[in-house]
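Undergrad: One structure follows; several queries about it will come next.
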Amino acid sequence: MNEIRAQFSLQRDGFRLDASFSAPAVGVTALFGSSGSGKTTLLRCIAGLERAQGSLQVKGELWQDKTTFLPTHKRPLGYVFQEASLFTHLSVRANLEYGLKRTPITERKVPPEQVIEWLGLSRLIERGDPAKLSGGERQRVAIGRALLTSPRILLMDEPLSALDTNSKQEILPYLERLHRELNIPVLYVSHAMDEVARLADHLVLLEKGCVIASGKLHETLARLDLPTAHYDDAGAVIEATVAQHDEKYHLTRLDFPGGSLWVGKMDHAPGSKVRARVLARDVSIATQQPHGSSISNILAARILEIRDEGPDKVSVKMMIGDSQVLLSRITRRSRDLLALSVGMDVFAQVKSVALMA
Amino acid sequence: MPQLAPDDLQAVWLTLKLASVTTILLLAVATPLAWWLAMSRQWYKGIVSALVALPLVIPPTVLGFYLLLLMGPHGVVGDLTTALNLGRLPFTFAGLVIGSVLFSMPFAVQPIQNAFEAIGRRPLEVAATLRAGAWDRFFSVALPLARPGFLTAMILAFAHTVGEFGVVLMLGGNIPGETRVLSVAIYNHVEAMEYASAHLLAGGMVLFSFLVLLSLYLAGGKLVKV
Amino acid sequence: MSSRKLNLLVWVGALLCGSVAGSVSAGEVNAAVAANFTAPMQQIAALFQKESGNTVKLSFGSSGKFYSQIKEGAPFDVILAADEAIPQRLEQEGLAIAHSSFVYAQGKLVLWSAQPGLVDAKGAVLGKGNFNKLAYADPKLAPYGLAAQETLQSMKLWDKVQSKMVTGESIGQTYQFAATGNADLAFIALSQITKDGKVTEGSWWLVPSNLYSPIRQSAVQLSGAKDKAAAQAFLTFLKSAKVAAVIRSFGYELP
């Protein structure tokens with residue numbers, strides 16, 4: 001029952017949405033796809049902003065089917081639009097309170113002080129007029145405004161895409177904190193792989209109005225049969241724990257089931273959970289344990305799958321330990337020289353690790 | 001300084017009353033109409049828009065004449081009002097109000113419609129995701145955001161009604177205190193070669209109209225598109 | 001500018017010059033005519049043009065409006081007013097040639113209804129009061145309105161019918177009120193409902209001429225047209241027996 005089950009079809013001039021997926025109603029589910037893939041339309045259908053044919057159940061509650069259509073304002077959801085869309089005729093405070101006032105007292109689960117604190121909103125409230133806020137600040141208010149309605153589910157439509165890099169960096173920690181502290185499932189529309197890899201737990205992949213894959217983030221991103229494997233920034237996501245800081249060399253060791261990685265020194269206390277991303281292009285393969293290499297992260301791995309990636313490249317999927325998957329992109333020539341094949345034990349050399357927090 | 005004759009004073013008072021009643025009624029009628037025109041994607045929206053704009057191009061006397069026919073004993077509206085025991089509308093204040101509402105319709109609908117269109121759908125969608133129902137959205141978001149448009153519509157409708165002549169002339173019958181408004185009074189003074197009284201009233205009207213338009217441009221210049 | 005447009009401009013220019021030149025040489029009369037005299041005037045003008053070769057340009061409207069326009073230099077040669085007062089006033093003010101005004105037609109007042117049988121032969125309907133509205137022209141603006149007021153006063157009904165009176169700015173509009181049925185009764189000019197010497201529509205009462213002062217419609221030659229032979233010729237023609245027959249056929253009398 002703790003699921004989101006959606007099935008929609010919608011015909012629009014020149015575009016057809018025919019999407020169905022189910023995702024766990026916990027954590028962050030990314031609706032990922034290129035522009036025009038229908039991810040925003042799908043999100044709008046879920047919100048009831050588009051009247052599509054289909055059905056929708058959220059946590060066992062029926063929101064839409066053949067005979068039922070809950071209008072948007074009757075769906076207990078929060079929606080964060082691409083642009084903050086604050087009401088210009090209302091103060092920052094009145095914007096925040098707009099949805100809160102319309103939420104029955106018995107349904108108010110999210111304490112306003114908490115949201116204000118988490119999103120650092122009290123300084124923004126003091127400034128009064130939304131026009132005086134920066135883009136990132138406005139988006140924080142918009143997120144707060146949605147959260148104050150104590151939504152059963154939070155829908156976010158590329159909430160960062162209208163922001164510049166600085167504002168993005170400023171707001172991402174707030175999003176991560178929300179996901180950690182609030183027990184509200186999030187559907188997050190994005191076309192930016194780095195955002196998805198950083199925030200999502202579950203991935204729904206869209207192409208031309210259809211859902212082509214849906215599953216756990218790290219499993220889905222590791223699939224070589226999906227378009228995501230062809231991306232220049234294709235890679236694997238690793239959930240790791242901060243294990244140890246090396247003060248002398250200014251390094252931090254991250255442990256994950258099946259291995260560990262050394263990365264530049266982090267501020268996190270030992271024991272903290274972090275997410276790291278290892279891009280396929282940053283992983284090379286050796287058939288023997290390399291000696292005398294400058295690369296310090298070398299992991300024993302077993303080849304699970306090899307797939308052609310264009311005329312000159314192949315993608316290789318490897319397993320580290322029992323559960324961690326790693327991708328590598330190498331030339332066909334190297335594959336043939338090393339005579340790589342499925343089931344072979346190899347060594348993965350990780351040139352660089354992108355830390356997500 | 002010449003004094004206003006009691007008749008003329010009555011005409012001024014009647015004109016203000018007509019303009020006020022017309023403006024209030026117009027807001028009540030034009031707001032839903034403008035809303036529909038701004039939001040609708042129906043094919044017949046163009047037809048409705050054209051109908052609303054028609055008084056801009058029809059000579060007022062022609063509009064007045066058709067209303068006279070329609071509201072008369074051989075007209076559809078006349079039949080209706082008679083059947084409802086309301087009597088007939090020509091030569092009554094109510095008839096003038098109806099004529100004025102139709103005549104000034106585009107001046108009220110278009111600024112409001114423009115204002116609604118300028119808001120777009122997004123703020124209303126945002127409000128819907130924040131638990132606001134349709135009426136709530138309209139009153140808490142659409143109306144306040146469209147306020148400049150309403151201001152323009154009110155001022156234009158009022159001023160246009162004050163200056164209206166052709167429709168009133170055709171429909172009114174020049175009854176003091178009932179249908180003899182300022183513009184007709186001025187016309188009659190001119191026709192009767194009573195130029196002093198005509199100047200007094202006409203001058204006052206020019207001044208009034210100027211002040212109205214001035215306030216419109218000063219107060220709303222940035223916000224209001226006429 | 002394209003040569004085609006230029007061509008067009010030259011043509012339009014030529015036409016305009018032609019019409020101005022024509023007004024000097026061939027003889028053209030600009031006549032301001034009271035609205036109630038529209039129909040007979042069109043016939044009279046056609047006759048005049050046929051006989052004299054001069055053209056008549058007609059403007060119809062209220063005499064009061066013409067008066068204001070003439071004061072401000074409107075280029076009329078003659079005015080055929082709806083009363084005697086305006087031509088006399090123009091003479092006094094030097095805007096018309098002194099002592100040139102004359103009565104070209106005498107109007108007759110009728111009480112008319114679009115409904116057959118409503119108006120009786122004696123006008124008793126006015127006293128009975130079984131009608132909704134009584135339309136008349138503004139007495140300040142139209143001689144027929146004044147005549148209507150005098151009639152009602154002579155009949156001692158003026159106060160009684162006050163609540164039912166509606167005012168048209170001209171007898172044209174007064175006729176409209178009655179013709180559309182919005183007013184059951186209207187005081188209008190006999191000429192308005194006369195066609196080929198007969199009244200065909202509705203019911204009417206020809207108001208006896210002793211009930212109101214005569215509506216003496218006067219014409220006068222304006223000072224600006226002092227030396228215009230065509231204007232003089234037109235006014236002479238207006239007094240001819242042939243014209244008198246036309247005027248009578250439209251329900252006017254001649255003095």
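The values are calculated or read from the model by the stated rules, or taken from the named source; none is laboratory data. Predicted model, so just to flag it, every value in this text is computed and none were measured. Because the Cβ atoms are built from the backbone with ideal geometry, glycine has one as well, and the counts that use them run over all protein chains shown.
Undergrad: From B:201, B:218, grab the single residue that is without any contact (Cβ under 8 Å) to a residue 24 or more places away in the chain and over 30 Å from residue B:77 (Cα atoms).
TA: Values: B:201 fails: without any contact (Cβ under 8 Å) to a residue 24 or more places away in the chain.
After ruling out the rest, the residue left standing is B:218.
Undergrad: OK, next. Could you grab me the full set of residues in the range A:91-104 that are more than 7 Å from every other protein chain (Cβ to nearest Cβ), more than 23 Å from residue A:160 (Cα to Cα) and surrounded by 18 or more Cβ atoms within 10 Å (Cβ to Cβ)?
TA: Passing the criteria: only A:100.
Undergrad: Can you find even one residue in the range A:124-142 that is closer than 20 Å to residue A:4 by Cα and either buried (at least 18 other Cβ atoms within 10 Å of the Cβ) or away from chain B (no Cβ under 14 Å) (or both)?
TA: No, every residue in the range A:124-142 fails to be closer than 20 Å to residue A:4 by Cα and either buried (at least 18 other Cβ atoms within 10 Å of the Cβ) or away from chain B (no Cβ under 14 Å) (or both).
Undergrad: Restricting to the range C:34-84, count the residues that are of a type in the set (A, V, I, L, M) and more than 17 Å from residue C:238 (Cβ to Cβ). Break it down stepwise before answering.
TA: To start, the set of residues in the range C:34-84 that are of a type in the set (A, V, I, L, M) comprises C:34-35, C:39, C:41, C:44-47, C:56, C:58, C:70, C:74, C:78-82.
Now narrow it down to the ones that are more than 17 Å from residue C:238 (Cβ to Cβ): C:35, C:70, C:74.
Qualifying residue count, the range C:34-84: 3.
Undergrad: Tell me which of these residue B:135 doesn't satisfy, since it passes every other one: (1) at pLDDT 90 or above; (2) not in a helix (DSSP H, G or I).
TA: Unmet for residue B:135, out of (1) at pLDDT 90 or above; (2) not in a helix (DSSP H, G or I): (2).
Undergrad: Residue C:209 is checked against (1) within 14 Å of chain B (Cβ to nearest Cβ); (2) on the phi < 0 side of the Ramachandran plot and fails just one. What number does that condition carry?
TA: (1)
Undergrad: Name every residue in the range B:45-92 that is assigned to a loop (DSSP other than H, G, I, E, B), away from chain C (no Cβ under 14 Å) and more than 22 Å from the chain's Cα centre (by Cα), in order of residue number.
TA: Within the range B:45-92, B:84, B:85 meet the criteria.
Undergrad: Taking the options B:202, B:153, B:159, name whichever one is small (Gly, Ala, Ser), within 14 Å of chain C (Cβ to nearest Cβ) and either in a helix (DSSP H, G or I) or closer than 26 Å to residue C:174 by Cβ (or both).
TA: Exactly one of B:202, B:153, B:159 is small (Gly, Ala, Ser), within 14 Å of chain C (Cβ to nearest Cβ) and either in a helix (DSSP H, G or I) or closer than 26 Å to residue C:174 by Cβ (or both), namely B:202.
Undergrad: If residue A:78 meets every condition in (1) surrounded by 16 or more Cβ atoms within 10 Å (Cβ to Cβ); (2) more than 20 Å from residue A:188 (Cα to Cα); (3) within 11 Å of another protein chain (Cβ to nearest Cβ) apart from one, which number is that one?
TA: Failed condition: (2).
Undergrad: What about residue A:35, is it away from chain B (no Cβ under 14 Å) and within 20 Å of the chain's Cα centre (by Cα)?
TA: Yes; evaluated as a whole, the condition is true for this residue.
Undergrad: Cβ-Cβ below 8 Å, separation at least six or inter-chain, first residue in the range C:79-107 and at positive phi, second assigned to a helix (DSSP H, G or I) and surrounded by fewer than 21 Cβ atoms within 10 Å (Cβ to Cβ): which pairs?
TA: These pairs meet every condition: C:94/C:223; C:99/C:91.
Undergrad: Can I ask one more? In the set B:50, B:38, which member is surrounded by 17 or more Cβ atoms within 10 Å (Cβ to Cβ) and more than 14 Å from residue B:104 (Cβ to Cβ)?
TA: B:38
Undergrad: Sticking with this one: Considering C:141, C:190, C:146, C:157, which residue is hydrophobic (A, V, I, L, M, F, W, C), more than 10 Å from chain B (Cβ to nearest Cβ) and under 21 Å from residue B:180 (Cβ atoms)?
TA: C:146
Undergrad: Mind checking which residues of the range A:56-75 are among the β-branched types (Val, Ile, Thr) and crowded, with 18+ Cβ neighbours inside 10 Å?
TA: Matches in the range A:56-75: A:58, A:72.
Undergrad: Looking at the range C:160-174, which of the residues that are of a type outside the set (S, T, N, Q) and free of Cβ contacts under 8 Å to residues at least 60 places away in the same chain is farthest from the other protein chains (Cβ to nearest Cβ)?
TA: Taking the range C:160-174 as the starting set, the residues that turn out to be of a type outside the set (S, T, N, Q) are C:160-161, C:164-166, C:168-169, C:171-172.
Checking which are free of Cβ contacts under 8 Å to residues at least 60 places away in the same chain leaves us with C:160-161, C:164-166, C:168.
On the way: C:160: 17, C:161: 13, C:164: 10, C:165: 8, C:166: 3, C:168: 7 Å.
The qualifying residue farthest from the other protein chains (Cβ to nearest Cβ) is C:160.
Undergrad: A further question on this structure: For residues that are more than 7 Å from chain A (Cβ to nearest Cβ) and surrounded by 19 or more Cβ atoms within 10 Å (Cβ to Cβ), scanning just the range B:125-140, find the one that is farthest from residue A:91 (Cα to Cα). Can you show your working first?
TA: Restricting attention to the range B:125-140, the residues satisfying the condition of being more than 7 Å from chain A (Cβ to nearest Cβ) are B:127, B:134-140.
Subsequent filtering for residues that are surrounded by 19 or more Cβ atoms within 10 Å (Cβ to Cβ) retains B:127, B:137, B:140.
Values: B:127: 15, B:137: 17, B:140: 13 Å.
Here the answer is B:137.
Undergrad: I would also like to ask the following. Only one of (1) part of a helix (DSSP H, G or I); (2) within 14 Å of another protein chain (Cβ to nearest Cβ) fails for residue B:28. Which number is that?
TA: (2)
Undergrad: Moving on. Name the residues in the range C:181-202 that are touching a residue at least 60 places away in the same chain (Cβ under 8 Å) and part of a loop (DSSP other than H, G, I, E, B), would you?
TA: Listed by number, the residues that qualify are C:181, C:184, C:201, C:202.
Undergrad: What's the total number of residues in the range A:158-169 that are farther than 22 Å from residue A:34 by Cα and surrounded by 18 or more Cβ atoms within 10 Å (Cβ to Cβ)?
TA: Count: 1.
Undergrad: Now, a different point. Only one of A:177, A:108, A:145 is under 20 Å from the mean Cα position of the chain (by Cα) and closer than 30 Å to residue A:21 by Cα; which?
TA: A:177
Undergrad: Moving on to the next point. Restricting to the range B:188-199, and then to whatever is facing chain C (nearest Cβ under 8 Å) and buried (at least 21 other Cβ atoms within 10 Å of the Cβ), can you tell me which residue is farthest from residue C:178 (Cα to Cα)?
TA: Checked the range B:188-199; the qualifying residue farthest from residue C:178 (Cα to Cα) is B:191.
Undergrad: Just wondering, is there one or more residues in the range A:218-232 that are in a strand (DSSP E or B) and hydrophobic (A, V, I, L, M, F, W, C)?
TA: Looking for residues that are in a strand (DSSP E or B) and hydrophobic (A, V, I, L, M, F, W, C), one finds none in the range A:218-232, hence no.
Undergrad: Name the residue, out of A:346, A:350, A:316, that is under 12 Å from residue A:287 (Cα atoms), of a type in the set (Val, Ile, Thr) and in contact with a strand residue (DSSP E or B) (Cβ under 7 Å, 6 or more places away or on another chain).
TA: Exactly one residue qualifies, and that residue is A:346.
Undergrad: Quick one: how many residues across the range B:1-19 are under 21 Å from residue B:98 (Cα atoms) and either surrounded by 19 or more Cβ atoms within 10 Å (Cβ to Cβ) or touching a helix residue (DSSP H, G or I) at 6+ places or on another chain (Cβ under 7 Å) (or both)?
TA: Residues that pass the stated criteria total 6.
Undergrad: So which of A:17, A:31 is buried (at least 18 other Cβ atoms within 10 Å of the Cβ) and either in a loop (DSSP other than H, G, I, E, B) or at pLDDT 95 or above (or both)? Spell out how you get there, then give the answer.
TA: Details: A:17 fails: either in a loop (DSSP other than H, G, I, E, B) or at pLDDT 95 or above (or both).
Answer to the check: A:31.
Undergrad: Looking only at helices (runs of 4 or more DSSP H) that lie completely in the range C:78-163, which have at least 1 residues being buried (at least 16 other Cβ atoms within 10 Å of the Cβ) and in the same structural domain as residue C:197 (by TED's automatic domain parsing)?
TA: Result: C:125-128, C:143-154.
Undergrad: Something else about it: Quickly run through the range A:233-269 and pick out the residues that are assigned to a loop (DSSP other than H, G, I, E, B) and crowded, with 20+ Cβ neighbours inside 10 Å. Step through it out loud before you land on a result.
TA: Looking only at the range A:233-269, we keep the residues that are assigned to a loop (DSSP other than H, G, I, E, B), and these are A:233-234, A:247-250, A:257-258, A:265-269.
Within the range A:233-269, just A:234 meets the criteria.
Undergrad: Of all residues in the range B:107-126, which are assigned to a helix (DSSP H, G or I) and either within 20 Å of residue A:45 (Cβ to Cβ) or among the hydrophobic types (A, V, I, L, M, F, W, C) (or both)?
TA: Residues satisfying the conditions are B:107, B:108, B:109, B:112, B:115, B:116, B:118, B:119, B:122, B:124, B:125, B:126.
Undergrad: A further question on this structure: Given the criteria within 14 Å of chain C (Cβ to nearest Cβ), in a helix (DSSP H, G or I), modelled with pLDDT of 90 or more and touching a Ser or Thr at 6+ places or on another chain (Cβ under 8 Å), does residue B:96 qualify?
TA: The answer is yes for residue B:96.
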